[in-house]
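The values are calculated or read from the model by the stated rules, or taken from the named source; none is laboratory data. If you're wondering where the values come from, they're calculated on a predicted model, not measured in any experiment. Cβ atoms come from the backbone with ideal geometry, glycine included; neighbour counts cover every protein chain shown. Surface accessibility is based on the protein's heavy atoms, side chains included, excluding ligands, DNA and RNA. Shrake-Rupley method; radii C 1.70, N 1.55, O 1.52, S 1.80 Å.
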Amino acid sequence: MNKDKYVAMDVDSANIVAGVYDHQGKTVMQCCIRNEGKAIQEFLRLLPGTVHVTFEEGTQAAWLYELMRPLVAEVIVCNPRENKLLKAGNKSDRIDVAKLGKLLRLGELQPVYQGPSAAQGLKQLVHSYAALVEDVTRVKNRLKALYRGRGLSCKGELIYGREQRQQWLGQLETKQMQTRAACLYEELDCVLRLRVEAEKIMCRAARNLEAYQWISSTPGLGAIRTAQILATAITPHRFRGKRQFWPYCGLAVVTRSSSDYEWVDGGTRRKRKPIQTRGLNQNYNRTMKAVFKGAALSALQQHPEFQEYYQRLCAKGTRPEMARLTVARKLAAIVLILWKKGELYDSKRLNQAAPGAGQQ
């Protein structure tokens, strides 16, 4: 007798709607559980047989995954963007749970990689640093908006310096505006200090990992970008090769074709026609794309071998923006292979199997 149980959960901040289904898709039970660790564990321990659990990626996904993984045979944190079935027809927690249970039983869910619990520490440090970088940008934008709103020119970075702050404050007409600007200056000093501290802690934690030396040896990748790669990708063995890594980094070229075959002499033959490209893939990790785009620009500015590589691409007729994309793809492929093999970067091997921007 098949004793598999399929558990689908709809999670919110305080409550979980759970549905349990057998191998034929019949409902065993539907219930509500408090979103508390002890209540969730007790519920799962009561289920007999081989238990498979799924829920959608969200704020609490990492915690729920760590909580449930030791108790059941399988936990799938699924990608909500891929669950097209949930968007059809009526919507409620119980309806969504039933649809998730069906997709789980049929093996149609797209899992989101969670990684081991040991990798969560660096990930949290990287998130903290990224949030502080955004806070610095936000405060600077507010400060400039205040001056632009009064018709005052404030181009460049001089407005943020400590030396001329009193002069900048004196250009505002009223005391209230000066008070507001002073508060923004004080907030800017605070978040800048916190950003520097967060960067030091993040980079120190990344250097403790063995893979740091391999990744950081790649041109264009310093301590910050290396830490972001380690925290985001976690392991290179998630990806079979560069063609699986490029879509994750947002560097894969999307192609479209139709009517690909024709009948010739009683058999089918693929038509000889150019493949139509439709830009880069839209479903990707934003951090990884920013890392490799920035690394490509840094490598082109600082490393002669990449400057020569870029110039050869342009000499062959490749557009400059496509050549930069090819450099970013090349860097991503280099990082993946160095990480897998545990080797340092060798500039002499740069031209081996150079990826073209038109490849998938």
Relative contact order of the chain, defined on C-alpha pairs under 8 angstrom at six or more residues apart (%): 12
Can you work out the accessible area per residue across the chain, with the rest of the protein chains kept in place, probe 1.4 Å, in square angstrom? 57
For the chain, set up a Gaussian network in which alpha carbons nearer than 10 Å are linked by springs, and say which option among Asp96, Asp265, Asp189 fluctuates the most. Asp265
What dipole magnitude, in Debye to the nearest 20, does segment 255-339 give about its Cα centre under +1 on Lys/Arg Cβ and -1 on Asp/Glu Cβ? 240
Chain lengthening between Glu173 and Leu158 when straightened (0.36 nm per residue, less Cα-Cα): 3.4 nm
How charged is the neighbourhood of Trp339? Take every other residue with its Cβ under 13 Å from the Cβ of Trp339, and add Lys/Arg as +1 and Asp/Glu as -1. +2
Which of the listed residues, Tyr212, Gly250, Trp263, is farthest toward the dipole's positive end in segment 194-283, when Lys, Arg count +1 and Asp, Glu count -1 at the beta-carbon? Trp263
What percent do you get for the relative contact order of segment 147-230 when only Cα pairs under 8 Å and 6+ apart count? 17
Can you give the charge dipole size of segment 169-281 about its Cα centre, rounded to the nearest 20 debye, using +1 on the beta carbon of Lys and Arg and -1 on the beta carbon of Asp and Glu? 720
Around Asp93, what is the net charge, scoring Lys/Arg as +1 and Asp/Glu as -1 over all other residues with Cβ under 14 Å from its Cβ? -1
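Show me the ranking of peptides 4-12, 119-127, 27-35, 177-185 by mean Cβ neighbours inside 10 Å, starting with the highest.
With the highest mean Cβ count within 10 Å placed first, the list reads 4-12, 119-127, 177-185, 27-35.
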Want the number for Gln244 to Arg45: 0.36 nm per residue separation, take away the alpha-carbon distance, what's left? 67.9 nm
What is the Rg over Rh value, at two decimals, for segment 1-62, using alpha-carbon atoms and the Kirkwood definition of Rh? 0.96
Among the listed pairs Lys102/Lys123; Lys26/Lys99; Lys87/Lys289; Lys26/Lys91; Lys123/Lys330; Lys84/Lys273, which have their C-alpha atoms separated by more than 23 angstrom in this model? Lys102/Lys123; Lys87/Lys289; Lys123/Lys330; Lys84/Lys273
What ranking, highest mean first, results for peptides 310-322, 69-81, 151-163 when packing means the other Cβ atoms within 10 Å averaged over each residue? 69-81, 310-322, 151-163
Taking Rh as the Kirkwood radius computed over C-alpha pairs, what is the Stokes-Einstein D of the chain at 37 °C in a medium of viscosity 0.692 mPa s, expressed in µm² per second? 133
Under a point spin-label approximation (7 Å from Cα along Cα-to-Cβ), what is the Ser259-Lys26 distance to one decimal in nm? 5.1
Quick one: Debye curve from the C-alpha atoms of segment 107-223, no solvent, what's log10 I(q)/I(0) at q = 0.10, 0.16, 0.20 Å⁻¹? -0.49, -0.84, -1.06
Across Tyr212, Tyr261, Tyr309, the residue with the highest GNM fluctuation in the chain (Cα network, 10 Å cutoff) is Tyr261
Could you give the length gained by full extension between Arg165 and Glu74, i.e. 0.36 nm per residue of separation minus their alpha carbon distance, to one decimal place? 26.9 nm
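If you put +1 on each Lys and Arg Cβ and -1 on each Asp and Glu Cβ, how big is the dipole of the chain around its Cα centre, in Debye rounded to 20?
The calculated dipole for the chain is roughly 1140 debye.
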Ranked by GNM mean-square fluctuation in the chain (Cα springs under 10 Å), the top entry among Trp168, Trp246, Trp339 is Trp168
Local net charge near Gln301, Cβ-Cβ under 14 Å (Lys/Arg +1, Asp/Glu -1): 0
